[in-house]
Each structure stands twice: as structure tokens, then as C-alpha cells.
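The structure appears right after this line, and notes come after that.
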Amino acid sequence: MKNRVCALTVLALAVGASAQTVYDTSVTPTFFPGTGIPNANFVVHNNVPAEVQTGLTSFYRFGVRGPGDNALRDSLTLNTYSYRNGNAYTDGSATTIAPGTAAWNFSYHINLNTNTQQSNGQNFFNNLVLLTIDWDPTAGVDQRTYNMSALMQAGGAGSLSLLQDSQNPGFSFWNDPIFLAISGAAPRFFDPNATGTYRFQLDVIRGGTPVSSTEMFVNVTPTPGAAALFGLGTLAAFRRRR
């Protein structure tokens, strides 16, 4: 926790005293990718003078945690979201599994012009936007940084000032060769049954100077059933040894 506080303090100094991080809030404008995804529970960084806002959030895919057990998440404290491990369901019915897909999704939001009254001339050509993910939920680090500005430019959307998307860490998108070549990252391995903490960071750099940065942690724990089975197995092994 001490390291996180120090990192956030350094970041606040880098982007200026006029910037502010707020938690469990909405982003501007309304978050729109997909249906059933509320514009809520984001960790948001606002730099009002620079007219920049970045945001990150996470939630159970389709709001389904298990059969007859729906929820957005298990807990939310500041910028740390907690979930059970395992595969996601495909459509919110809690009946069909999507193998290799995490039970939880994450969403990112970049608004380079929060002043909706007029254009400020900022877009993905003159701002460097980086999404960094530590794909290793254990004590190790498997950090990959994706150049979102390059992706927007390659997709013919570099002149836009808004990017919002919802993704699952198990989607093949994150290992797509074309995506990786443009974004400058490398392939990674993802295990939906792994437990531990994933880290996400979203940065906007303008003219070599950081103007906005948002950090989020996703804590993944064993499902109660898996934990119970593990306990029974341990007990049986103990009895056999006796």
C-alpha cells in the first residue's frame, strides 16, 4: 500500500495540482459501448485546465457472477475492484460458459476535450495515449503497454478526441498480431482461473508532459466452491497422513 500511495503522489505532482482523481463516479460524456453497462463506478482523473479526462472501471460480464447469483462485483474500495475467478458466461443467462474468458470485464475512457462547448483542437494525433496492463496477477510483473493513439490513427480515427471501450482480458483481441504490431505490445498469456491482482493504468501525454493518468487494480479471488473443495482435499490428505 505504501508503494501505491507514493506512486499516486508522484503522479499528482507530474500532472499538476489542478488535476484531481475521484472514485466510484461517472465519466463525461455518457459511457456507451455495449448495452447494460452503466456509466458508474469509474475511477476518474480530471485535468480541468487541459480539458482531459481518463477513466477505468471493471464489472462482472453481463452482471452475472453465477447461476442465480448476479452482481456487478464482489467489492469496490477506491480504485480496487474484487471478483471471483473462473470463466464468464456468454449472455447473462448463467448457463453457457465462454471458455478462457474472465468472469469480469474492464472498461477504459479517454476524453481529450471535456469542454463540449467548443473544440480545443486535441485529438489522437497530437496526444499520446497509453494503456498499460500488468497481466500477471501474482507477485511477478508482466507489464504490457498499448499505444492507443497509434491504434486510433491506424483505424482512421486519429482526428477524434474520445475513445471508450469495454473489453475482457480473455478476448483474443489482446493477442491479435495486427493489433499488437500497431500498439507496440507483445502477446501475453491469460488464465481466467488464476488468482491475484491485475493492474491497469491509462495515461495521456501531451507535448512530452503527462496531463492525465488513472490507475485501477482488479483483485481476483477463488470462488467459494473452489475454496471449499481445496479445503476438503487438504483435510483428506491430512487424514491419510495420520
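The values are calculated or read from the model by the stated rules, or taken from the named source; none is laboratory data. Every value quoted in this text rests on a predicted model; they were computed, and no experiment measured them. We place every Cβ from the backbone using ideal geometry, glycine too, and count neighbours over all the protein chains shown. The accessibility values were calculated without ligands, DNA or RNA, using every heavy atom of the protein model including side chains. Shrake-Rupley method; radii C 1.70, N 1.55, O 1.52, S 1.80 Å.
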Residue set Gly92, Gly66; condition surrounded by fewer than 16 Cβ atoms within 10 Å (Cβ to Cβ), in contact with a Gly (Cβ under 9 Å, 6 or more places away or on another chain) and not hydroxyl-bearing (Ser, Thr, Tyr); output residue Gly92
Quick check on region 109-124. Is at least one of its residues touching a residue at least 12 places away in the same chain (Cβ under 8 Å), open to solvent by less than 40 Å² (accessible area, probe 1.4 Å) and closer than 30 Å to Pro67 by Cβ?
no
Considering every residue within region 51-58, establish whether at least one is of a type outside the set (S, T, N, Q), at positive phi and part of a helix (DSSP H, G or I).
no
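So which of Val43, Val5 is outside any loop (DSSP other than H, G, I, E, B), exposed (fewer than 13 other Cβ atoms within 10 Å of the Cβ) and either modelled with pLDDT of 95 or more or among the hydrophobic types (A, V, I, L, M, F, W, C) (or both)? Don't jump to the end; show me each part of the working.
Numbers: Val43 fails: exposed (fewer than 13 other Cβ atoms within 10 Å of the Cβ).
After ruling out the rest, the residue left standing is Val5.
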In region 69-87, what residues are in contact with a helix residue (DSSP H, G or I) (Cβ under 8 Å, 6 or more places away or on another chain) and surrounded by fewer than 15 Cβ atoms within 10 Å (Cβ to Cβ)?
Asn70, Ala71
Just need a number here: residues in region 72-105 that are among the hydroxyl-bearing types (Ser, Thr, Tyr) and not in a strand (DSSP E or B).
4
Scan region 188-206 for residues that are open to solvent by 50 Å² or more (accessible area, probe 1.4 Å) and free of Cβ contacts under 8 Å to residues at least 60 places away in the same chain and report the count.
2
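Just give me the residues in region 165-180 being open to solvent by less than 40 Å² (accessible area, probe 1.4 Å) and either over 18 Å from Glu215 (Cβ atoms) or among the acidic types (Asp, Glu) (or both), in sequence order.
As a first pass, look at region 165-180 and keep what is open to solvent by less than 40 Å² (accessible area, probe 1.4 Å): 166-170, 174, 179-180.
Those that are open to solvent by less than 40 Å² (accessible area, probe 1.4 Å) and either over 18 Å from Glu215 (Cβ atoms) or among the acidic types (Asp, Glu) (or both): Ser166, Asn168, Gly170, Trp174, Phe179, Leu180.
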